[in-house]
Amino acid sequence: MSNPLLVLENVSTGYFSQTVLEEINLKVYPDDFIGIIGPNGGGKTTLVKLILGLQPLFSGRIYFPVGKLRTGYLPQATQVDRSFPITVKEVVSSGLKIRNPLFPHLTSTQKTRVDQMLEDAGLAGLASRPIGELSGGQLQKTLLCRALVEKPHLLILDEPNSHVDKKFERELYGWLGELSREMAILLVSHDIGTITPMVKTIACVNHSLHYHPSNQISEEMLKVYNCPVDIIAHGPVPHRVLRVHDDE
Amino acid sequence: MMMSEFFSIFEYQFFQNAIAAAVLTSVIASMVGTYMVSRKIVFIGGGITHASFGGIGLAYYMGLNPFAGAAVFAVMTALGIEWISDKGKVREDSAIAVLWSLGMALGIIFVFITPGYTPNLMTFLFGSILSVGIPDLLLLLFFAIFLVILFLVFFRPILYTAFDPEFAKTKGIAVSLYRYMMSVVMALAIVLSIRTVGIILVLSIFTIPQITAMIFTRDFRKVIPWAAALGAFGSVAGLVAAYALDIPASAAVIFFLTIQFLIIKAFFMLTGRLLNLRLKNMFYRYKKD
């Protein structure tokens, strides 16, 4: 097995003096596709921010055994202000690291990379549109391009399927399947029924973290690890499967 | 009034200075105002503006330059508000309201207890664009040049930290540094503009041309030159109207900027609707065929 990209060792974090995540251990390998599930308020987004270096470390250690980690981050849709006067192309460009802080302009190779990215995603026609004019799906696509433009080692997606229609959701999962061959992916979702067929492994986050080295989820597992999440099944008619009655 | 008599106003030094001040203020406000409007922090601008009155009062009391006092208070307020919103421990809007009214209160107290000559408060509240001198103009010019260079060189980090600071941090941008820097820039821009339009009206020159520009374009890069042009045009028109109608200059400027916004907005709404109607007609005709 190759070296992990990222190791979290007995990590705790939180806000002010309140601990949200305690004693977390997680290793992310280059070919991982990890689904992060858990109840609202359980610390899923906090875990993501911790990995991205946006969250202070209370205790423990985070390190990158194979050197500097390039991350691509797709935040929750609510983080982005859609009325901000900025174009699709500018948003995608913002995914590129500034090479020289005293001359923070795009290099010509970076410009070509942005155009290529927009072309590949089918967004070239929308490049000069302000983001306020996009549909929910187009905006998510733009933000996904921003995350991918620098060819990250690790792609982190926080609830990418909220605020988008079902058609886009299917498309998105198609891309993620392809992308998972090129990079490690961490996919945060409350909708575990949809993500479980795709991901390779599952981490359940609820104040602590429990890693399940497969994508099979059983009720026992959820109970044992104290993961109070709903299992939702999708079919031709939206429906919810309830427990079999004891007398049946 | 004869036509020639009317245009003779442009020959007066004070009027030329006023026009130069209006144009330079518009250029300064175009950059800083676009940042403020885009980030939805115009209210912070209001806090900075009014808090600076405390500095004006204190400077008078101590016999110093009132605008230097205003600058110190404005920068301190701006940094304080940015710090509060960064730490998130106090509600930001409440903190702004406190600094806003505290600044005004301090200003009034200091001016009141200053012995002897009491300065004309109206000058600070409503500006005195018609008495702008060459040193004022030079100060405005240098600051405008500084801002143009700042925005040309650091355009990307300024834009990205305004748009999505969390994401910008993941790309290694020193977000806090840029935010604090822009706070100081905002404070200085506001204080310099108080000279022209006064405390009560200064926010409008940082807002109205920008929202007018956003009717034409929703690209940060293009909003700035549009806002500069619209601000300059509206404020020069306001100055001329102030002379022709014999009304206070700074109020006329703001009034003209607002009228300009309303006319352009109405024009776009009307033509937009006509265009929609025509497209619909074309569609129905196509369907009939």
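The values are calculated or read from the model by the stated rules, or taken from the named source; none is laboratory data. All values derive from a computational prediction rather than experimental measurement. Cβ coordinates were reconstructed from backbone atoms using ideal geometry, including for glycine residues, and neighbour counts include every protein chain displayed.
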Please enumerate the residues belonging to segment A:79-89 that are more than 8 Å from chain B (Cβ to nearest Cβ) and closer than 16 Å to A:Gly137 by Cβ. A:Arg82, A:Val88
For B:Leu125, only one of the following conditions fails: (1) of a type in the set (A, V, I, L, M, F, W, C); (2) modelled with pLDDT under 90; (3) farther than 22 Å from B:Ala187 by Cα. What is its number? (3)
In segment A:166-207, what count of residues is obtained for those that are of a type in the set (D, E, K, R) and in a helix (DSSP H, G or I)? 6
In segment A:63-74, the residues that are surrounded by 17 or more Cβ atoms within 10 Å (Cβ to Cβ) and not in a loop (DSSP other than H, G, I, E, B): A:Thr71, A:Gly72, A:Tyr73, A:Leu74
Exactly one condition in (1) in contact with a Leu (Cβ under 8 Å, 6 or more places away or on another chain); (2) surrounded by fewer than 21 Cβ atoms within 10 Å (Cβ to Cβ) is not met by B:Ser85; state its number. (1)
Mind telling me which of the residues A:Val48, A:Val92 ends up being crowded, with 17+ Cβ neighbours inside 10 Å, within 11 Å of another protein chain (Cβ to nearest Cβ) and either within 23 Å of the chain's Cα centre (by Cα) or closer than 30 Å to A:Asp31 by Cβ (or both)? A:Val48
So, in segment A:116-137, of the ones that are away from chain B (no Cβ under 14 Å) and surrounded by 14 or more Cβ atoms within 10 Å (Cβ to Cβ), which residue ends up farthest from the chain's Cα centre (by Cα)? A:Ala124
Counting only residues that are modelled with pLDDT of 95 or more, under 23 Å from B:Gly69 (Cα atoms) and away from every other protein chain (no Cβ under 14 Å), give me the helices (runs of 4 or more DSSP H) lying completely in segment B:133-216 with at least 3 of them. B:134-153, B:175-197
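For every residue, the table says whether it meets (1) touching a Leu at 6+ places or on another chain (Cβ under 8 Å); (2) closer than 19 Å to A:Val199 by Cβ.
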residue	(1), (2)
A:Ser12	yes, no
A:Val20	no, no
A:Pro30	yes, yes
A:Ile36	yes, yes
A:Pro39	no, yes
A:Gln55	no, no
A:Ser59	no, no
A:Leu69	yes, no
In segment B:86-115, the residues that are closer than 30 Å to B:Glu166 by Cβ and not basic (Lys, Arg): B:Asp86, B:Gly88, B:Val90, B:Glu92, B:Asp93, B:Ser94, B:Ala95, B:Ile96, B:Ala97, B:Val98, B:Leu99, B:Trp100
Sort out which residues of segment A:105-115 are β-branched (Val, Ile, Thr) and either part of a loop (DSSP other than H, G, I, E, B) or surrounded by fewer than 17 Cβ atoms within 10 Å (Cβ to Cβ) (or both), and write them in order of number. A:Thr107, A:Thr109, A:Thr112
Quick check on A:Tyr63: is it at the interface with chain B (Cβ under 8 Å from one of its Cβ atoms) and of a type in the set (Phe, Trp, Tyr)? no
Just to verify a result, which residue in segment B:17-66, among those that are over 12 Å from the mean Cα position of the chain (by Cα), away from chain A (no Cβ under 14 Å) and hydroxyl-bearing (Ser, Thr, Tyr), is nearest to B:Leu79 (Cα to Cα)? B:Ser52
